[in-house]
Amino acid sequence: MKTFFIRSILGIFFGAFLSVLMTNAVVLSGQETLDSGLFLRNSIGSMLCGWFFTASTLYFENDKWSLAKQTAAHFVTIIVLYFVLAVGIGWFPFTVSSMLLMIAVFVFFYILFWTAFYLYFKNQARKMNEELNNG
C-alpha cells in the first residue's frame, strides 16, 4: 500500500509537471490568453494519466504472475483508462479513423517503452549476477 501511495503521488506530480510544460509551450508560442476550463480539464487529465501510468506498474511486482500475464494486465489497464480519459477530455475525436490511428500509435509506443524497460532491467540483472559471481 505504501508503494502504491508513493507511486500515485509521483505520477500525479509528473502529470502536473507535464501539464505545466505544455501550458508554457502554448503561452510561449504567442497565445495571449488561455481557456481556463480547457486548461483545468487538460491538467486534470495529465495528472490522472501520470497516476495510472505509474501506479499500474505494480503489476510487474507480482512474482506469482508470469511476465506475459503482468504485461497483459498492465496493457489492458492502461489502454482502457487512457482511451476513456482521452476521449472524455477531448484529446482526440471519437471516430473510427481517429480511434484506429490512436490505438496504432499507442501500441507502437507501448511496445517501444516495454522493450526498452525489459532490456534495461535484463542488463541490470546480468550486471548484478556478474558481481555476485565475481565477488
Q: State the three equivalent ellipsoid semi-axes of the chain, derived from the C-alpha gyration tensor as the square roots of 5 times its eigenvalues, in descending order and whole Å.
A: 33, 19, 15
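How large, in percent, is the carbon and sulfur part of the accessible surface of the chain at a probe radius of 1.4 Å? It would help to have the intermediate numbers written out before the result.
Values: 7150 of 9790 Å².
Carbon and sulfur atoms account for 73 percent of the accessible area of the chain.
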(Q) Taking 8 Å as the Cα distance limit and 6 or more residues as the minimum spacing, I'd like the relative contact order of the chain as a percentage. (A) 23 percent
Q) Where does helix 67-89 land angle-wise versus the long Cα axis of the chain, in degrees 0 to 90, nearest 10? A) 10 degrees
**Q.** Most fluctuating residue given options G45, G15, G90, as computed from a GNM of the chain linking Cα atoms under 10 Å
**A.** G90
Q. For the pair A72 and L132, what calculated FRET efficiency results from E = 1/(1 + (r/R0)^6), where r is the Cβ-Cβ distance and R0 = 25 Å, to the nearest 0.05?
A. 0.20
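May I ask you to rank D35, D63 by accessible area, largest first, using a 1.4 Å probe over the protein chains only? Kindly include the intermediate steps, with their values, before the conclusion.
Working: D35 100, D63 145 Å².
If we order D35, D63 from most to least accessible, we get D63, D35.
Once you have a ≥ b ≥ c as the square roots of the Cα gyration tensor eigenvalues for the stretch 41-87, tell me rounded if a/c is under 1.5, and otherwise prolate or oblate according to whether a/b is larger than b/c. Provide the component values of the computation, followed by the final result.
Working: a/c = 5.54, a/b = 2.17, b/c = 2.55.
Because a/c hits 1.5 or more and a/b fails to exceed b/c, the stretch 41-87 counts as oblate.
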Q. Say we join alpha carbon atoms closer than 10 Å with springs in a Gaussian network model of the chain; which of F121, F83, F60 then has the biggest fluctuation?
A. F121
Q: Could you give me the radius of gyration and the Dmax of the stretch 86-134, taking only the C-alpha atoms into account and expressing both in angstrom?
A: 18.6, 58
Q: Compute the accessible area per residue over the chain, keeping the other protein chains in place, probe 1.4 Å, unit Å².
A: 73 Å²
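The values are calculated or read from the model by the stated rules, or taken from the named source; none is laboratory data. As the structure is a prediction and not an experimental result, all values here were calculated from the model. Note that each Cβ is placed from the backbone with ideal geometry, even for glycine, and that neighbours are counted across all protein chains shown. Heavy atoms of the whole protein, side chains included, go into the accessibility calculation; ligands, DNA and RNA do not. Shrake-Rupley method; radii C 1.70, N 1.55, O 1.52, S 1.80 Å.
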